[in-house]
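Working notes, structure below.
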């Protein structure tokens with residue numbers, strides 16, 4: 001099943017359930033969850049919050 005469309009669908013469904021459970025637990029604890037667009041989040045500097053372009057070269 002590795003690398004098939006079915007595997008991708010199962011993985012997508014699992015992530016959806018994971019996010020739903022996290023939101024449920026947060027709400028039950030009186031906390032707020034905010035969904036963020038993941039596009040470009042890995043280039044933000046954790047110290048300064050500015051964008052630091054990175055290459056994909058190893």
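List of remarks:
- For the stretch 18-35, a residue qualifies if it is in a helix (DSSP H, G or I) and surrounded by 10 or more Cβ atoms within 10 Å (Cβ to Cβ), and the qualifying residues are 18, 19, 20, 21, 22, 23, 24, 25, 26, 27.
- Residue satisfying all of: in the stretch 36-47; loosely packed, with under 10 Cβ neighbours inside 10 Å and in a helix (DSSP H, G or I); modelled with the lowest pLDDT among these: 41
The values are calculated or read from the model by the stated rules, or taken from the named source; none is laboratory data. Keep in mind that what you see is a predicted model, and the values were worked out from it rather than measured. Positions of Cβ are generated from backbone atoms using ideal geometry, with glycine treated the same way; all protein chains shown enter the neighbour counts.
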